[in-house]
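These notes are about the structure you will find just below.
Rule-based calculations on the coordinates, nothing more; no lab input. Given the structure is predicted, the values throughout are model-derived calculations rather than measurements. Glycine gets a Cβ as well: all are built from the backbone with ideal geometry, and neighbour counts include every protein chain shown.
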């Protein structure tokens, strides 16, 4: 395992930037260990909901964690608004960085993650494979 700090800039989409960082590091498996920062737009899918809920304003990332594969990310996040109200759920596309987001990735070059439909759950779930690519360019 190798760690990789990552800073996102204003206007970056949180999810897509994290997935792009994985490709840039030439690995196929990673975890977001933690993240902090601020967002102007948040898209969170709450437990059992089919579609995400959009939040707008000055929002602080309190926690951010999850797994990342070349075919997507499974991220959960809690954020607070300007009044201290806390929201949490599954991170959907469209979470836009307001001033900064600072993350720590755990790169796992010895593994390859993929998302495959699990017949038991009906969802694309994490599959863990040994990697054939031992290069780690980050």
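Multiply the residue gap between residue 117 and residue 80 by 0.36 nm, knock off their C-alpha separation, and tell me the result in nm, one decimal place.
On the way: separation 37, 0.36 × 37 = 13.32 nm, distance 3.28 nm.
Residue separation times 0.36 nm, minus the Cα-Cα distance, leaves 10.0 nm.
Give the angle, between 0 and 90 degrees and rounded to the nearest 10, that separates the Cα long axis of helix 14-24 from the longest principal axis of the Cα atoms of the chain.
Roughly 20 degrees between the two axes.
Packing-wise, with mean Cβ within 10 Å as the measure, how do 85-93, 29-37 rank, highest first?
Values: 85-93: 15.8, 29-37: 19.7.
Ranked from most to least packed, the peptides come out as 29-37, 85-93.
Just need the relative contact order of the chain here, percent rounded to a whole number, with Cα pairs under 8 Å and 6+ apart. Each step should come with its number before you reach the end.
On the way: 364 pairs, mean separation 47.2, N = 138.
Taking the mean separation of contacting Cα pairs over the length of the chain, I get 34 percent.
Only one of the listed values, (i) 48, 36, 18; (ii) 44, 41, 30; (iii) 63, 34, 30, was derived from the coordinates as Cα extents along the principal axes in Å; which label is it?
(i)
Which residue, 24, 43, 120, tops the fluctuation ranking in a GNM of the chain built on C-alpha contacts under 10 Å?
Between 24, 43, 120, it is 120 that shows the largest mean-square fluctuation.
Taking the alpha-carbon set of the stretch 78-138, what are its Rg and Dmax in Å?
Every Cα atom of the stretch 78-138 included, Rg and Dmax give 16.9, 49 Å.
Cut-off 11 Å, label point 7 angstrom out along Cα-to-Cβ of residue 110: give me the residues of the stretch 1-30 whose amide nitrogen falls inside.
1-2, by backbone N distance to the label point.
For the ranges 48-56, 111-119, what's the packing order if you count other beta-carbon atoms within 10 Å of each residue, average per peptide, and put the highest first? Before the final figure, lay out each step's value.
Details: 48-56: 11.2, 111-119: 14.6.
Ranked from most to least packed, the peptides come out as 111-119, 48-56.
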